[in-house]
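Below: the structure, in structure tokens.
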């Protein structure tokens, strides 16, 4: 297990926040899943897909010194904080770097931290232990440090924590059964992720007629009018008729079932999730914005409203 690529246990989707004495509730940090493997002074970092990224994070030398056990595998979220808030794009930037000079510079401009929420191994495996026992092990394992910290866990009061994460601009929370065991490479209903829906203004790049869908995009620093999602939910016959009337005289380029148009009309949407490549999922239409300009539809770092 040690220094081998492992696929972590994943949370399934929850429906809404709840209170339950059989669960622990944790904030959902906006970064990337990282598994830390340590033996003596050696420490390696792996992504959830099994790619070793240790060389991208010189901070790991300090991280190793904060793990009291000679041997450990820790399940973490890698984050970059900005003004006390995790910034998803900053950690993605760290993961993209390959040149040592840029990596060293990023340690100063985009310092990484690792938030620990589970332990898989120390002197023996802990996969079959209840979550509560694994949490107690984490308490014993970690020395306090800015680069390595355990996540907050709250018993019973999921609704209050979910409201707090929204107030603080966090991504959401994860509900975990106290007695859950750790199952590698498994999406389990014992863990449920609940994310806050976020609102963003997008530019319409194209559409489909059957079923009726909008292809929406955003402006990024290096890419203009990048497609980021498909929107179908939330539009009834009234919205469809308004849109088709608005663009009926516009030229379009047919590509399969999609009609690509000039990026001139904007719309506001909500989304519940987004990928590492900024693809927005679980989208819902809110309203058309005919007075807004396409260049104003800019990726906001996932902050939304």
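Every number here is computed from the coordinates shown, using simple stated rules; none is lab data. Remember, predicted model here, so these are calculated numbers, not experimental data. Neighbour counts run over all protein chains shown; Cβ positions are idealised from the backbone, glycine included.
Key figures
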read-out	value
Degrees, to the nearest 10: 237-247 long Cα axis against longest axis of the chain	70
Residue order, fewest to most surrounding Cβ atoms within 10 angstrom, among 73, 67, 261	261, 67, 73
Where Rh is the Kirkwood radius over Cα pairs, Rg/Rh for the chain	1.03
Mean projected area (nm²) of the alpha-carbon convex hull when region 198-296 is viewed from all directions	6.3
Segment residue 184-residue 139, extension gain: residue separation times 0.36 nm, minus the distance between their alpha carbons	14.0 nm
R0 of 35 Å, Cβ-Cβ distance residue 284-residue 132: FRET efficiency to nearest 0.05	0.40
The chain: angle of helix 158-167 to the longest principal axis, Cα-based, in degrees nearest 10	60
Angle between the chain longest axis and helix 100-109 axis [Cα atoms, degrees, rounded to 10]	90
Ranking of 186, 165 by count of other Cβ atoms within 10 Å, fewest first	186, 165
Pairwise centroid distance, computed over Cα atoms, of region 222-236 with region 10-37, Å	27
Whole-angstrom gap from region 263-305 to region 185-200, using each part's C-alpha centre	20
Spherically averaged projected area in nm², based on the convex hull that wraps the Cα atoms of region 17-126	8.5
Spatial separation of Cα centroids for region 52-125 and region 128-143, in angstrom	20
Gained length - residue 277 relative to residue 159, 0.36 nm times residue gap less alpha-carbon distance	39.5 nm
Ellipticity estimate at 222 nm from DSSP helix runs (n ≥ 4, -39,500 (n - 2.57)) divided over the chain, nearest 500	-5500 deg cm²/dmol
Alpha-carbon spread of region 147-266, three principal axes, descending order, Å	60, 31, 29
